[in-house]
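*Asks:* Mind looking over this structure? Questions follow.
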Amino acid sequence: MNHHSNQIIRISCCHICGYNIDSFMNFGRMPIANGFLKKEKFNSEYFFDMQVALCDNCKMFQLINQPEPKQMFNENYAFFSGTSKLMVNHFKDFSNHVIDDYLKDKDNPFVVEIGSNDGIMLKNFAQKGIRHLGIEPSANVAQVAIDQGINTTVEFFDKSLAERIVSEHGQADAYIAANVMCHIPNINSIVEGIKVLLKSDGIVIFEDPYLGNVIEKTTYDQIYDEHTFLFSIHSIQYLFNQYGMEVIDVEPQESHGGSMRYFITHKGKKSVHNTVSNQLEYEVNIGLTKVDSFSQFKENCEKYRTNLLALLNDIKNEGKTIAGYAATSKSTTIINYCGITADHLDCIYDTTPIKQGKFSPGAHIPVKPHNEFKDNYPDYALLFGYNHEKEIMAKEQEFVKQGGKWITYVPEVKII
Ligand code: SAH
Ligand code: TMP
Ligand code: ZN
């Protein structure tokens, strides 16, 4: 049973700095991106109006309307990080980087991760006997970590939890996070929490989808209910500067179609790499600091929508079959914004058990187990999991051998 109230958070002021903001684009009526549902829930499905804005003052890109966090992150959360081998390796590298560069010389170091999900990152610390704590409010995914002996508390991180952690475990040497900071509307309270939690010589390292990549590649599918923000160096610098902390380094990542990793310390503790000023300059050059430049982004989104829908209609008019491949959270934006329906896609194949046998949010396209794909190859497969392209192409060579074709929409709509 889901007892959570259907509340929407609607803002007219920036989440970070309180400046007045206005939306520059409306993606229309959107369901919960990870809200895969059964038939009997179709009539009570939850929708919100998805609009985005750029704050002229602090440059934070953000949603104007958003479902309440408990509506998304609860005991039925459908995203299990460990389903991607690529990400398992990615987080192994991330952990080694943290250990080698920041923890190696510390005495009994303590690492805190928020949004630790099924333990994909923290298991690398746990295996090495490093003191760690995961903060993960979605009970079902947290349980997977707990079952592996990874210390996890089922809660939302904020300032008061940070205070409790400090009183129980002491301050942290490293605060790490991936793909969660951008999910948190009350991010100011998170940064206040970090301020309390982090030792004076501690390091904050987190990564999230990067606004620069979204604009350059028109990956508008990074915009969905969970992503309150799309960060840039400008906006992250503003956010942390408010609390006497500073960005000392940034490192672009390939994950999730283009992410950025931020390294942050209390102010004046470490020297600032020139990667920061270089990236700031790049952001000014591509227009991330001016709301006017986002009109091009809006036009690009509209163009890709038209092209993708036209391609799918053409294929259907030829009497061919199409299936979706990987029921990613991002696909919810593509499907509902472009107007893709169950007439276009027979189904979406996905490896996540909790999604299988259910229907996709909004468009209600059936989700089927990935292992049925090989028995029912469609003429075309629409690659919703483009961020896992290498892994998927490697394992689906037989589909192509049998004449199957892939449709992708990043960085443009095409058949490959
Ligand atoms: N770090 C993982 C999971 C990302 S999904 C990865 O990169 O694959 C985001 C996770 O953050 C979800 O599991 C969600 O339950 C959790 N989350 C959301 N709000 C949070 C908060 N305030 N504190 C801690 N975790 C949160
Ligand atoms: P993500 O893009 O948000 O990481 O979502 C990953 C989704 O893709 C998850 O539902 C599992 C699914 N998936 C597959 O179905 N097959 C695959 O080969 C991979 C890598 C992911
Ligand atoms: Zn602002």
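*Asks:* Is region 222-263 rounded, prolate or oblate when judged by the Cα gyration tensor, a ≥ b ≥ c being the square roots of its eigenvalues, rounded requiring a/c under 1.5 and prolate requiring a/b larger than b/c?
*Replies:* On the way: a/c = 3.35, a/b = 1.39, b/c = 2.41.
Note, shape of region 222-263 comes out oblate.
*Asks:* Under 10 Å, Cα contacts only: if you run a Gaussian network model on the chain, which one of F24, F229, F110 comes out with the highest mean-square fluctuation?
*Replies:* So, out of F24, F229, F110, the one fluctuating most is F24.
*Asks:* A follow-up question, please. Hey, can you grab everything whose amide H is under 5 Å from the amide H of T321? Only 5+ residues off in sequence or another chain; H modelled, so Pro and N-termini drop out.
*Replies:* Here the answer is D379, Y380, since their amide H atoms fall under 5 Å of that of T321.
*Asks:* Taking amide hydrogens as modeled 1.01 Å from N in the peptide plane, which residues meet the under 5 Å criterion relative to H132, leaving out close sequence neighbours?
*Replies:* V111
*Asks:* If you don't mind, there's one more thing I want to ask. Roughly how much of R164 is accessible, in Å² to the nearest 10, using a 1.4 Å probe?
*Replies:* 100
*Asks:* Given a cut-off of under 8 Å on Cα pairs at least six residues apart, what relative contact order in percent is computed for the chain? Let's see the in-between values first.
*Replies:* Working: 818 pairs, mean separation 62.9, N = 416.
Here the relative contact order equals 15 percent.
*Asks:* Please list 3J(HN,Hα) in residue order for region 180-196, calculated via the Karplus relation 6.51 cos²θ - 1.76 cosθ + 1.60 where θ = phi - 60°; whole Hz, with x for glycine and proline.
*Replies:* These are the phi-based 3J(HN,Hα) values: 9, 3, 6, 8, 10, x, 8, 4, 4, 5, 5, 5, 4, x, 4, 4, 6 Hz.
*Asks:* With n ≥ 4 as the cut-off for DSSP H runs, can you work out [θ] at 222 nm for the chain, using -39500 (n - 2.57) per run divided by the number of residues, rounded to the nearest 500? Could you put the intermediate results ahead of the total?
*Replies:* Details: 13 runs with 127 residues, N = 416.
After summing the helix terms and dividing by the residues of the chain, the value is -9000 deg cm²/dmol.
*Asks:* Of F384, L345, F359, which is farthest along the charge dipole of region 342-391 in the positive direction, counting Lys and Arg as +1 and Asp and Glu as -1 at C-beta?
*Replies:* F359
*Asks:* Tell me, what is the FRET efficiency for N20 and N186 to the nearest 0.05, using R0 = 22 angstrom and their Cβ-Cβ distance as r? Can you show the working numbers first?
*Replies:* On the way: r = 19 Å, r/R0 = 0.86.
Step by step, r from the Cβ atoms, then E = 0.70.
*Asks:* Can I ask one more? To test your reading of the geometry: what angle, between 0 and 90 degrees and rounded to tens, separates the Cα axis of helix 274-285 from the longest principal axis of the chain?
*Replies:* 40
*Asks:* Just to be sure I understand the model, the point goes 7 Å from the Cα along the line to the Cβ. What's the resulting Q127 to Y282 distance in nm?
*Replies:* With each label placed 7 Å out from Cα toward Cβ, I get 3.1 nm.
*Asks:* Here's another thing I want to ask about it. Tally the DSSP beta bridges in the chain and give the antiparallel ones as a percent, rounded to 5.
*Replies:* Working: 33 of 63 bridges.
Beta bridges within the chain, antiparallel portion: roughly 50 percent.
*Asks:* Here is a further query. Any number yet on Rg/Rh for region 41-149, C-alpha, Kirkwood? Walk me through the numbers on the way to the answer.
*Replies:* Working: Rg = 17.8 Å, Rh = 16.5 Å.
For region 41-149, the value is 1.08.
*Asks:* Okay, moving on. Defining a contact as two alpha carbons under 8 Å apart and six or more residues distant in sequence, what relative contact order in percent does region 259-372 show?
*Replies:* On the way: 102 pairs, mean separation 19.9, N = 114.
Dividing the mean separation by the residue count of region 259-372 yields 17 percent.
*Asks:* Quick check on region 284-416: of the DSSP beta bridges with both residues there, what percent are antiparallel, nearest 5%? Numbers along the way, then the final one.
*Replies:* Numbers: 3 of 15 bridges.
Beta bridges within region 284-416, antiparallel portion: roughly 20 percent.
*Asks:* Here's another thing I want to ask about it. With springs only between Cα atoms under 10 Å apart, run a GNM on the chain and tell me which of M72, M121, M25 wobbles the most.
*Replies:* M25
*Asks:* Something else about it: Please sort by residue number the trypsin sites (Lys or Arg not before Pro) in region 274-303 whose DSSP state is loop and whose Cβ has at most 13 other Cβ atoms within 10 Å. The partial results should precede the final answer.
*Replies:* Working: sites: K290, K298, K303; in loops: K290.
Hits after loop and neighbour filter: K290.
*Asks:* Want the number for N274 to S167: 0.36 nm per residue separation, take away the alpha-carbon distance, what's left? Walk me through the numbers on the way to the answer.
*Replies:* Working: separation 107, 0.36 × 107 = 38.52 nm, distance 3.66 nm.
My answer for the length gained is 34.9 nm.
*Asks:* Here's another thing I want to ask about it. Bins of 20 Å, beginning at zero and ending with the bin holding the largest distance: percent of Cα pairs per bin for the chain, please.
*Replies:* Going from the shortest bin to the longest, the percentages are 26, 59, 15, 0.
*Asks:* In degrees between 0 and 90, to the nearest 10, how far off the longest principal axis of the chain does helix 329-338 point, with axes built from Cα atoms?
*Replies:* That helix lies at roughly 50 degrees to the long axis.
*Asks:* Between 0 and 90 degrees, rounded to the nearest ten: what's the tilt of helix 159-169 against the longest Cα principal axis of the chain?
*Replies:* Once rounded, the angle reads 60 degrees.
The values are calculated or read from the model by the stated rules, or taken from the named source; none is laboratory data. The model shown is predicted, which means the values in this text are computed figures rather than measured ones. Cβ sites come from the backbone with ideal geometry, for glycine too, and all protein chains shown count toward neighbours. Accessible surface areas use protein heavy atoms only, side chains included; no ligands, DNA or RNA. Shrake-Rupley method; radii C 1.70, N 1.55, O 1.52, S 1.80 Å.
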